[in-house]
Amino acid sequence: MTKVAVLVGSLRKDSFNRKIAKALAALTPGLEFDFVDIGAVSHYNQDLDTNPPADWVSFRKHIADADAVLFATAEYNRSVPGVLKNAIDVASRPYGQGALNGKPAAIISTSIGAIGGFGSNHHLRQSLAFLNMPVMGQPEAYIGGAAGLFDEAGNLISQGTKDFLATFGKAFEQHIALHAEDKQAAA
Ligand code: FNR
């Protein structure tokens, strides 16, 4: 089954971004989702490249074993939360052998604010372009007003958001399949 590594750009226990990513996973049965704990990835330090810490090795393997990557990220100060940028930096090395290279990707940004993490979403696209990751163009996912989308138990109650996530998941499946075909044709 096609495997998607999920990187959630928030460590918060009750993260709306994680809840949205979980809801997407439940609505997309054609893909297998592997939620990778980026909080366990220690700070990137180039001095450690020759003898990487065990958590980097394990994290890079999670990414390498996946067919694609889903980024579900918060927006901090109109940009990508540091914990997610750190994870990307770790996964991108050693130079020329980065685990993210060429993996199809999709981005969902979720915020309590009105513009749904647009700034974070697009700063992230800048890094992923450099990393040679084909990022799904449409549909875009900027989920705003997140605090009103869930019940007290944390379940997604917005039918509109559920419908959107189902559409997004289907499009991501197609995006990954298209990329796999391109890769085969090029081989
Ligand atoms: C925020 N938040 C925020 N929201 C936003 O729409 N744009 C922003 O630039 C910021 N900046 C920001 C900075 C910092 C340091 C914090 C802690 C928060 C609010 C943010 O959207 C809100 O906390 C979300 O709930 C974070 O996502 P999770 O943790 O629910 O996934």
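What's the extension gain from Asn77 to Ala26 if we count 0.36 nm per residue and subtract their Cα-Cα distance?
Roughly 15.4 nm would be gained on extension.
Return the calculated 222 nm mean residue ellipticity for the chain, to the nearest 500 deg cm²/dmol, obtained by summing -39500 (n - 2.57) across DSSP H runs with n ≥ 4 and dividing by the residue count.
-13000 deg cm²/dmol, from helical runs alone.
Could you tell me how many degrees, from 0 to 90 and to the nearest 10, lie between the Cα long axis of helix 159-186 and the main elongation axis, the longest principal axis, of the Cα atoms of the chain?
Computed tilt is about 30 degrees.
Over 20 Å, how big is the tail of the calculated P(r) for the stretch 98-187, in percent of all Cα pairs?
45
For the chain, what is the relative contact order in percent, using Cα pairs closer than 8 Å and at least 6 residues apart in sequence?
The normalised contact order for the chain reaches 24 percent.
So what is the diffusion coefficient of the chain in µm² per second by Stokes-Einstein at 37 °C and 0.692 mPa s, using a Kirkwood Rh over Cα pairs?
It diffuses with D of about 197 µm²/s by this estimate.
Which order results if Glu152, Glu173, Glu181 are arranged by neighbouring Cβ count within 10 Å, fewest first?
Glu152, Glu181, Glu173
Measuring from label point to label point, each 7 Å out along Cα→Cβ, what is the Gln126 to Lys3 span in nm?
Taking the simple label geometry, Gln126 and Lys3 are separated by 3.3 nm.
If I model a spin label as a point 7 Å beyond the Cα along the Cα-Cβ vector, how far apart are those points for Ala187 and Ala166 in nm?
3.4
Apply 1/(1 + (r/R0)^6) to the Cβ-Cβ distance of Leu48 and Arg12, taking R0 = 30 Å, and write down the FRET efficiency to the nearest 0.05.
0.65
Between Ile112 and Val135, what FRET efficiency follows from the Cβ-Cβ distance if R0 is 22 Å, with the result rounded to 0.05?
Result of the calculation: an efficiency of 0.35.
Looking at the chain, what % of its DSSP beta bridges pair antiparallel, to the nearest 5?
10
For Lys183, list the aspartates and glutamates whose Cα falls under 13 Å from its own Cα; do not include residues on the same chain fewer than 8 positions away.
Reachable aspartates and glutamates: Asp67.
Excluding same-chain residues fewer than 8 positions from Lys13, which aspartates and glutamates have a Cα within less than 18 Å of its Cα?
Correct list for Lys13: Asp34, Asp37, Glu75, Asp151, Glu152.
Quick note: the coordinates plus some simple rules give every number you see, no bench work behind them. These figures come from a predicted structure and were not determined experimentally. Ideal geometry is used to build each Cβ from the backbone, glycine not excepted, and the neighbour counts take in all protein chains shown.
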